[in-house]
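Chemist: Encoded as structure tokens, here's the structure I'll be asking about.
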Amino acid sequence: MWFITRRLAFYAVAAWVAITVNFAIPRVMPGNAVDTLLAKYPTLDANSLKALEAEFGTHNHGSLISQYFSYLGDLAHGNLGLSVNLYPAKVTTVIGQTLPWTLILVGTATIIAFVLGTLLGILSAWRRGGWLDRAMPAFTFLQATPYFFLALVVIQLFAVSWGLFPFGQGYSLGLSPGWNWSFISSAAYHSFLPALTIVVTSMAGWMLQMRNVMITTIAEDYVLVAQAKGLSPRRVMFTYAARNAILPNLAGFALSLGFVVAGALVMEIVFSYPGIGLTLYNAVTSDDFPLLQGIFLVISLAVLLACLLADIVYFFADPRTRTRTAY
Amino acid sequence: MFVAAALRRMPGKAKVGAVILGVFVLVAIIGPTIAPFDPTASTPGQALPLPPNGTHWLGTTATGQDVLSQLLVGTRSTVVLGLLTGLIATLLAVVIGMSAGFLGGMPDEGLSLLANVFLVLPALPLLVVILGYLPHSGELPTAIVLSALGWPWGARVIRAQTLSLRNRDYVAAARESGERTWRIILFEILPNEVGLIAASFVGTVLYAILTSVALAFLGVADLSKWSYGTMLYWAQNGNAVQLGAWWWYAPPGICVALFGMSMVLLNFGLDELGNPRLRATGTVKVGRRTWRPSDPTPVLRETKQETV
């Protein structure tokens with residue numbers, strides 16, 4: 001239990017840091033929400049200005065500490081404020097509309113990449129010196145390819161030259177989001193190219209790591225014993241060698257999620273995909289601080305939550321974490 | 001002489017990586033002087049990108065700027081930023097990782113917590129936000145911000161290694177014979193972590209290149225300077241993909257991937273130096289069967305010679 005307690009304490013601290021960084025962002029950066037709105041609508045009178053200031057909370061010129069606590073209070077009530085750019089939409093509404101797009105696309109693609117990469121890593125280690133193992137430099141090239149560059153190439157080939165897939169966007173024009181077949185099929189069709197880029201670029205990392213750990217594991221005595229017992233090669237490969245070799249990959253999976261979010265940010269911009277990355281980018285370019293803050297907070301907390309889940313999986317997968325006092 | 005000897009001793013993959021890296025460093029140094037055209041000079045009246053031809057080997061952008069020249073000039077910025085970030089972040093990682101591992105106790109708890117918090121903060125969104133509001137003043141500030149978010153990966157690994165080295169007998173012996181702490185760290189522990197530090201440097205450079213190019217692609221960089229990232233930014237803004245002008249965006253993208261690949265290959269080579277098992281060994285033919293390294297040791301059955 002020591003392991004879980006320690007991790008929970010860590011996540012509490014990490015969440016607090018994320019929240020505090022988030023609090024600091026608009027106070028360190030130049031400009032504020034009302035100035036941005038003023039620039040957009042120069043004809044506002046004094047009364048509406050005052051009302052706006054009250055609404056965005058910029059009238060609060062109390063000490064930093066009192067601002068910090070009122071910010072925490074707002075957070076506790078799930079109040080993230082109003083978006084400047086999409087005024088008067090609530091930040092929570094905007095995030096609620098865009099987050100599912102990113103979660104479904106990036107989540108699915110990441111899991112596919114993880115499973116595929118790990119499997120290929122197992123195979124290339126098992127058949128060391130085989131064609132898959134010899135193709136390793138090609139995979140390192142893919143690993144070093146920027147997401148968005150591959151996205152450009154994929155758009156050029158599949159969308160511009162061959163016209164097989166759409167250019168970007170989340171779904172066809174004229175459809176409205178809902179749980180009906182034409183919308184879902186359109187969304188799946190539109191998300192194929194983005195998913196492909198994520199899978200291809202992130203697969204190689206899993207594969208290389210899995211291969212390296214697997215090779216070390218294969219040389220262990222217990223694997224030799226399993227082979228000597230006459231178990232089928234497949235059983236030795238998966239339930240003896242791979243089962244232990246997968247642990248570092250599992251641990252890395254949690255840590256990689258931050259990078260996945262980052263990759264998704266650029267990918268969404270290239271594909272004009274209506275996810276949270278594109279919204280964040282628009283918020284940055286248009287000085288929409290409340291929205292920017294809200295999205296940053298949601299991303300940080302989502303990564304933390306995913307890490308926590310991965311930790312729990314790790315806890316059950318690796319018995320050593322349950323007995324050791326320190327890790 | 002020394003370089004040639006070092007190259008000969010390297011594993012094959014690392015050799016390829018070192019050669020590619022060498023080419024990039026060379027281009028970073030002499031690129032601007034050998035560029036055939038001024039990368040920003042445009043042809044008046046031109047509206048469409050020209051495909052590669054005799055004068056412009058890699059074609060031109062929509063305004064008639066020479067892509068090859070942009071590439072040669074832009075290499076410097078990307079390479080300098082990558083190596084600089086690698087240097088700063090690795091230095092941070094070594095200092096923090098080694099002090100955490102060596103000191104143990106509360107300092108270790110605190111520093112490990114700090115590293116873990118930095119690891120889970122989403123770096124790119126944070127960088128977009130921070131750099132988006134900093135004045136764009138060249139490579140150094142960007143490198144510092146990138147390093148500030150890039151050190152924890154190396155620090156974790158170095159801490160773990162220091163932790164295991166600290167309890168070795170030879171370190172205890174050095175301590176018993178009255179050596180000072182800084183001497184133990186510098187002369188007993190550091191030399192045993194050179195491989196790890198090099199690997200962490202290589203990994204950080206890869207992160208720095210990919211992140212800085214992504215940032216420039218988003219427009220969060222000094223757009224008046226040429227780098228692989230800004231080239232991609234202008235290509236994207238000039239609708240290079242829709243125009244089918246692959247020669248506009250492919251060269252910088254491929255260069256980023258090649259540069260990154262050289263780093264991954266070097267990392268591979270370093271891993272193989274430390275762990276000989278990782279070297280790709282071929283199959284062995286014994287008798288009629290092909291044996292793979294994962295198979296049990298082959299045993300040759302003696303065949304009876306038949307007499308005629």
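Chemist: Report yes if B:ALA198 is of a type in the set (A, V, I, L, M), modelled with pLDDT under 85 and open to solvent by 30 Å² or more (accessible area, probe 1.4 Å), otherwise no.
Modeler: Working: of a type in the set (A, V, I, L, M): yes; modelled with pLDDT under 85: yes; open to solvent by 30 Å² or more (accessible area, probe 1.4 Å): yes.
When the stated conditions are applied, B:ALA198 passes them.
Chemist: Further question on the same structure: Here are some residues: B:GLY105, B:GLY97, B:GLY101. Which one is in contact with a Gly (Cβ under 7 Å, 6 or more places away or on another chain) and either more than 25 Å from B:ALA257 (Cα to Cα) or open to solvent by 40 Å² or more (accessible area, probe 1.4 Å) (or both)? Step through it out loud before you land on a result.
Modeler: Working: B:GLY105 fails: in contact with a Gly (Cβ under 7 Å, 6 or more places away or on another chain); B:GLY101 fails: in contact with a Gly (Cβ under 7 Å, 6 or more places away or on another chain).
Exactly one residue qualifies, and that residue is B:GLY97.
Chemist: OK, next. Report the residue count in the stretch B:208-242 for those that are in a helix (DSSP H, G or I), open to solvent by 10 Å² or more (accessible area, probe 1.4 Å) and more than 9 Å from chain A (Cβ to nearest Cβ).
Modeler: Residues that pass the stated criteria total 4.
Chemist: Follow-up question, since we're still on this one. Yes or no: the stretch A:71-83 includes at least one residue that is more than 30 Å from A:GLY294 (Cα to Cα) and charged (D, E, K, R). Spell out the reasoning first.
Modeler: Step one: filter the stretch A:71-83 for residues more than 30 Å from A:GLY294 (Cα to Cα), giving none.
No.
Chemist: Also, quick follow-up: Against the conditions (1) modelled with pLDDT under 70; (2) closer than 30 Å to B:VAL171 by Cβ; (3) exposed (fewer than 15 other Cβ atoms within 10 Å of the Cβ), where does B:THR290 fall short? Just the number, please.
Modeler: Unmet for B:THR290, out of (1) modelled with pLDDT under 70; (2) closer than 30 Å to B:VAL171 by Cβ; (3) exposed (fewer than 15 other Cβ atoms within 10 Å of the Cβ): (2).
Chemist: Kindly indicate whether A:VAL303 is under 28 Å from A:LEU8 (Cα atoms) and either open to solvent by less than 40 Å² (accessible area, probe 1.4 Å) or not hydroxyl-bearing (Ser, Thr, Tyr) (or both).
Modeler: yes
Chemist: On to the next question. Run B:ILE34 past the list (1) modelled with pLDDT under 70; (2) among the hydrophobic types (A, V, I, L, M, F, W, C); (3) open to solvent by 60 Å² or more (accessible area, probe 1.4 Å) and report the number of the one that doesn't hold.
Modeler: Result: B:ILE34 passes all but (1).
Chemist: If you don't mind, another one. Filter the stretch A:269-301 for residues that are on the phi < 0 side of the Ramachandran plot and assigned to a loop (DSSP other than H, G, I, E, B) and give the result. Before the answer, list the steps.
Modeler: Filtering the stretch A:269-301 down to residues on the phi < 0 side of the Ramachandran plot leaves A:269-271, A:273-286, A:288-301.
Hits for the stretch A:269-301 are A:TYR273, A:PRO274, A:GLY275, A:SER286, A:ASP288.
Chemist: Which of the residues that make up the stretch A:123-144 are among the polar types (S, T, N, Q) and modelled with pLDDT under 80? Walk me through it before giving the result.
Modeler: Within the stretch A:123-144, the subset among the polar types (S, T, N, Q) is A:124, A:140, A:143.
Within the stretch A:123-144, A:THR140, A:GLN143 qualify.
Chemist: Considering only the stretch A:281-301, state which residues are under 13 Å from the mean Cα position of the chain (by Cα) and within 9 Å of another protein chain (Cβ to nearest Cβ).
Modeler: Matches in the stretch A:281-301: A:ILE295, A:PHE296, A:ILE299, A:SER300.
The values are calculated or read from the model by the stated rules, or taken from the named source; none is laboratory data. Model, not experiment: these values are computed from the prediction. Don't worry about glycine lacking a Cβ; one is built from the backbone with ideal geometry, like all the others, and counts go over all protein chains shown. The accessibility values were calculated without ligands, DNA or RNA, using every heavy atom of the protein model including side chains. Shrake-Rupley method; radii C 1.70, N 1.55, O 1.52, S 1.80 Å.
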